[in-house]
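Colleague: This structure is in structure tokens; I'll ask about it shortly.
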Amino acid sequence: MFNFHYRLERNAMGLVLAIVVVASIGGLIEIAPLFTIDETVEDAPDMRVYTPLELAGRNIYIREGCYACHSQMIRTLRDEVERYGPYSLAVESKYDHPMLWGSKRTGPDIARLGGKYSNEWHVAHLYNPRDLVPESKMPAYRWLMRNSLKIGDLGEHLAAMRAVGVPYTDEMIANATADAYGQANPDSTQAAGVTARYGEATNVSLFDGKPETLTEMDAIVAYLQILGRLTDVAHKTEQASVE
Amino acid sequence: MIQGTWIIQRGGVGMVALLTALERTYAAIILVFVICVGVAMAVAGRGDLMAAHGWIVALFGMVVMAVLLRGIDAPEPWEERFREYYDDPTKVGIILALIWGVIGMFVGVWVAALLAWPDLTFDAAWASFGRLRPVHTSGVIFGFGGNALIATSFHVLQRTTRARLPDQLSPWFVLIGYNLFCVLAATGYLMGLTQSKEYAEPEWYADLWLVIVWVVYFLIYIRTLARRREPHIYVANWYYMAFILVVAILHIVNNLAVPVSIGHAKSYSLFSGVQDAMTQWWYGHNAVAFFLTAGFLGMLYYYLPKRAGRPIYSYRMSIISFWGITFMYMWAGSHHLHYTALPHWVQTLGMVFSLVLLVPSWASAGNALLTLNGAWHKVRDDAVLRFMMLAAIFYGIATFEGSFMAIRAVNSLSHYTDWTVGHVHAGALGWVAMITFGSLYALVPWMWKRPALYSARLVELHFWLALAGTVVYVFAMWNSGITQGLMWRTYDQNGTLAYSFIDTLVAMHPYYIARTVGGLLFLAGAVVAFYNIWMTISRPAPVDEGAAADLPVEPPAPRAWAQAGE
């Protein structure tokens, strides 16, 4: 073995090939089957895609680095299930490009945050977390209230999402901008199209409390309110034992 | 300081003068191309943040072009100069590494302070924790670590092959191009541009640019090896090559994405959900393995034996640990996803390989420490060598801790807590930064042909600041992580959870302050290092007799393979 190596280390290209081959094996065996084994991702026939407004909110969540402190992955541990709700299933992040499972909980897990608090609570909390939770370490995101939301190009965003495998229809892509506006303005004419395309249960609301402008606050609250609610398969299925 | 500015100006012209006339022309063409790409990005990205990056690219190209033009008329370098090693990119890389190091560590202290005092954001989006945190991680990993790796790899490659780099232009392309990537990364985060993939945050165009830079880097390695005057490729180069090759594989696969349009900075990852999570942590864990371990082991295998004046203890241990690390690390990433929606079989594989990984890891650490046998008096007297010894010890500690935390039951407690953060910093401060500072302290007098560093006592001061800072930081995070992990799972007599989440966060406050203090100590050490190295460089150069022997050889000369090269 050492004699073989004694020869190998005299051959630069041989060494290069050996490194590439040896290093590729682990990833191939662990990652490739995840795309082919059916049981990896559960079925969820009722699952819907993100609305344009929720997707815009998700992009703000990414932009602000929220994932650095909040996980969206409840583990199969008893205390986590009791604290946060049913453990997360793979299918629940099927449309998450990229996934936001997170790796650190400086703040709590928010995989099942949707519907837990009112829109008003979220707006006030994002505006200054310490008004509601005096001990909080979360930054105050006041600029979300000031910044108007960019919605003109949301159709292109949906098209890119479709390119990576999310089943957006042509109609959804064509109406993305109008749907983003309508979802945050329940009294507008555009509101009806949102529920027609994304389902009756879609949360159409004055998220930031202000009808006149569409702000980044509208989008982020719309996103936070859908967390864990694209499908209710995790609540319906019998959960395997937790440790 | 005036003297320093003079050195930079003279240095810039002098460095351009060492390029051949043809290389200067190629450099100008490349820079014009870069400036055009920048302007094109600014035009295509109107109304998008990409426009800002376009202008940054163009401006970056113009600054480099200005340096080039100052020396473009210099006479062709003497034939004699091509018989020497080519060290200018290494010198600039050392300075850049130190600058990025101070910036990255400063931002690290800042984000640490934000966790203790969250209102320090001052209502500015760019100054919030979520945007500054990747500036810290990329700044220290890619800015500080990456520049140090590029700088030392060019030095080690030439000395261990006894061959000059194949040309003068491509190493500059790699070094300057890489720093353009780092600038795009850091400025992007502040503006809110991120893919959210940890340690792979830069957006698609920066990723594409890094691929080009990386291919040239690989070609420099292969071309220099082809010119080598040593039959055997020294072990340090195996590690540098593994670093270059595997980082390329990881970078390309993990960053596969579809941009919204050619004028949008934003892209959507090709993978989603569980597949994306596994790909991300296959990348993330092996960024630790091949960026933060393999590359720095390359440093260790050259600078430690050189400084100690001892050959590497065991050639066979080097072989076993090299291939063990190259093979097994790539399986270990799934231990970041214990108890998640990742299939159980992948979690188990990740845990098993993480445990076995301790064998090659400790073989490396042991090999380094046993190399010091017979030189322990030097470790006592020479703080530079002591930095390297401490790095090997922390490497051993951090890899043991890593294997331990990969055990499912342990991970159920440690994951999502500060214990992970503490573990990362045991490796990053204790291992990566210590071996880097030790290597740079050894390298600077050789590169600038000085008899010694400006001050050995400042190295001593830096050593104790760095050690104290690391210990304070790691102990704070062990305490906070284990405390919080236990509080999360504590039940009261009624069988309900005893603590609310916010109770556990309140318990973290003293540790977050302690961690800020630890980071501040470490940062102070880095500033001392910067000052010491700057003073070493800016002092007038005395005639150094030893430098005359530091030349590549023309005729091939057989040498013992188990020794560090010249």
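The values are calculated or read from the model by the stated rules, or taken from the named source; none is laboratory data. Here the structure is a predicted model, which means the values were calculated and not measured. FYI the Cβ positions are ideal-geometry reconstructions off the backbone, even for glycines, and counts take in every protein chain you see.
Colleague: Between residues in segment A:121-135 that are without any contact (Cβ under 8 Å) to a residue 40 or more places away in the chain and residues that are part of a loop (DSSP other than H, G, I, E, B) and hydroxyl-bearing (Ser, Thr, Tyr), which pairs lie under 6 Å by C-beta distance while being six or more apart or on different chains?
Modeller: What qualifies is A:Pro129/A:Ser136; A:Arg130/A:Ser136.
Colleague: Assess whether A:Glu171 counts as being at the interface with chain B (Cβ under 8 Å from one of its Cβ atoms), surrounded by fewer than 20 Cβ atoms within 10 Å (Cβ to Cβ) and not in a loop (DSSP other than H, G, I, E, B).
Modeller: So A:Glu171 does not fit the description; no.
Colleague: Oh, and also: Can you name the residue in segment B:236-257 that is at the interface with chain A (Cβ under 8 Å from one of its Cβ atoms) and closer than 20 Å to B:Ile320 by Cα and, of all such residues, is farthest from the chain's Cα centre (by Cα)?
Modeller: If we take residues in segment B:236-257 being at the interface with chain A (Cβ under 8 Å from one of its Cβ atoms) and closer than 20 Å to B:Ile320 by Cα, then B:Trp238 is farthest from the chain's Cα centre (by Cα).
Colleague: Still on this model: Identify all residues within segment B:428-452 that are part of a helix (DSSP H, G or I), of a type outside the set (Gly, Ala, Ser) and farther than 16 Å from B:Phe291 by Cα; write none if there are none.
Modeller: B:Phe437, B:Leu440, B:Tyr441, B:Leu443, B:Val444, B:Pro445, B:Trp446, B:Met447
Colleague: Count, please, the residues in segment A:146-158 that happen to be at the interface with chain B (Cβ under 9 Å from one of its Cβ atoms), in contact with a strand residue (DSSP E or B) (Cβ under 9 Å, 6 or more places away or on another chain) and part of a helix (DSSP H, G or I).
Modeller: 1
Colleague: A further question on this structure: State the number of residues belonging to segment B:162-196 that are over 30 Å from B:Ala265 (Cα atoms) and crowded, with 22+ Cβ neighbours inside 10 Å.
Modeller: Final tally of qualifying residues: 2.
Colleague: Additional query: Within segment A:186-239, which helices (runs of 4 or more DSSP H) (wholly inside it) include 2 or more residues that are touching a residue at least 40 places away in the same chain (Cβ under 8 Å) and more than 12 Å from A:Leu53 (Cβ to Cβ)?
Modeller: Here the list reads A:233-236.
Colleague: Still on this model: Assess whether B:Pro259 counts as being in contact with a helix residue (DSSP H, G or I) (Cβ under 8 Å, 6 or more places away or on another chain), surrounded by fewer than 22 Cβ atoms within 10 Å (Cβ to Cβ), at pLDDT 95 or above and not hydroxyl-bearing (Ser, Thr, Tyr).
Modeller: yes
Colleague: Please list, ordered by residue number, the helices (runs of 4 or more DSSP H) wholly in segment B:319-427 having 2 or more residues that are at pLDDT 95 or above, within 14 Å of another protein chain (Cβ to nearest Cβ) and touching a helix residue (DSSP H, G or I) at 6+ places or on another chain (Cβ under 6 Å).
Modeller: Answer list for segment B:319-427: B:344-356, B:408-414, B:418-425.
Colleague: Which number in (1) under 20 Å from the mean Cα position of the chain (by Cα); (2) within 14 Å of another protein chain (Cβ to nearest Cβ) marks the one condition that A:Trp143 misses?
Modeller: Exception for A:Trp143: condition (1).
Colleague: Further question on the same structure: Got a sec? Which of B:Ala265, B:Ala287 is part of a helix (DSSP H, G or I) and among the small types (Gly, Ala, Ser)?
Modeller: Testing whether each residue is part of a helix (DSSP H, G or I) and among the small types (Gly, Ala, Ser) leaves just B:Ala287.
Colleague: Checking A:Tyr67 against (1) at pLDDT below 95; (2) touching a Leu at 6+ places or on another chain (Cβ under 7 Å); (3) closer than 30 Å to B:Pro134 by Cβ: exactly one of these is not met. Which one?
Modeller: For A:Tyr67, the exception is condition (1).
Colleague: I would also like to ask the following. Return the residues of segment A:77-92 that are more than 7 Å from chain B (Cβ to nearest Cβ), charged (D, E, K, R) and over 16 Å from B:Leu342 (Cα atoms); say none if nothing qualifies.
Modeller: A:Arg78, A:Glu80
Colleague: In this structure, is B:Gly469 in the same structural domain as B:Ala97 (by TED's automatic domain parsing) and within 18 Å of B:Ala433 (Cα to Cα)?
Modeller: yes
Colleague: With respect to B:Phe173, is the statement that it is at pLDDT 95 or above, of a type in the set (Phe, Trp, Tyr), within 14 Å of the chain's Cα centre (by Cα) and assigned to a helix (DSSP H, G or I) true?
Modeller: no
Colleague: Now for a different question. Counting only residues that are modelled with pLDDT of 75 or more and either outside any loop (DSSP other than H, G, I, E, B) or of a type in the set (Ser, Thr, Tyr) (or both), how many does segment B:513-566 have?
Modeller: Here the count works out to 26.
Colleague: Please go through segment A:39-76 and give me each residue that is more than 11 Å from every other protein chain (Cβ to nearest Cβ) and not β-branched (Val, Ile, Thr), ordered by number.
Modeller: Across segment A:39-76, the qualifying residues are A:Asp43, A:Ala44, A:Pro45, A:Asp46, A:Met47, A:Arg48, A:Tyr50, A:Pro52, A:Leu53, A:Glu54, A:Gly57.
Colleague: Checking the condition charged (D, E, K, R), crowded, with 21+ Cβ neighbours inside 10 Å and at the interface with chain B (Cβ under 7 Å from one of its Cβ atoms), which residue from A:Asp96, A:Asp109 passes?
Modeller: It is A:Asp96.
So that you can scan it fast, the table gives a plain yes or no per residue for (1) more than 23 Å from the chain's Cα centre (by Cα); (2) closer than 24 Å to B:Ala409 by Cβ; (3) within 14 Å of chain A (Cβ to nearest Cβ); (4) assigned to a helix (DSSP H, G or I):
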residue	(1), (2), (3), (4)
B:Leu458	yes, no, no, yes
B:Phe463	no, no, no, yes
B:Leu486	yes, yes, yes, yes
B:Tyr511	yes, yes, yes, yes
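Colleague: What tally of residues in segment B:307-318 results from selecting those that are in a helix (DSSP H, G or I) and either at positive phi or surrounded by fewer than 21 Cβ atoms within 10 Å (Cβ to Cβ) (or both)?
Modeller: Qualifying residue count, segment B:307-318: 3.
Colleague: Filter segment B:226-256 down to residues that are crowded, with 20+ Cβ neighbours inside 10 Å and assigned to a helix (DSSP H, G or I), then give me how many there are.
Modeller: Number of matching residues: 15.
Colleague: Of all residues in segment A:55-88, which are assigned to a loop (DSSP other than H, G, I, E, B), surrounded by 22 or more Cβ atoms within 10 Å (Cβ to Cβ) and of a type in the set (A, V, I, L, M)?
Modeller: Of everything in segment A:55-88, those that are assigned to a loop (DSSP other than H, G, I, E, B), surrounded by 22 or more Cβ atoms within 10 Å (Cβ to Cβ) and of a type in the set (A, V, I, L, M) turn out to be A:Met73, A:Ile74.
Colleague: Here is a follow-up. When you look at B:Arg159, is it assigned by TED's automatic domain parsing to the domain that holds B:Phe296, surrounded by 24 or more Cβ atoms within 10 Å (Cβ to Cβ) and among the charged types (D, E, K, R), yes or no?
Modeller: When the stated conditions are applied, B:Arg159 does not pass them.
Colleague: Mind listing just one residue for me: the one in segment A:120-140 that is of a type in the set (Gly, Ala, Ser) and within 9 Å of chain B (Cβ to nearest Cβ) and, of those, surrounded by the fewest Cβ atoms within 10 Å (Cβ to Cβ)?
Modeller: Taking the candidates together, the pick is A:Ser136.
Colleague: Taking segment B:489-498 as the search range and keeping residues that are free of Cβ contacts under 8 Å to residues at least 40 places away in the same chain and not in a strand (DSSP E or B), which one is farthest from the other protein chains (Cβ to nearest Cβ)?
Modeller: Taking the candidates together, the pick is B:Gln493.
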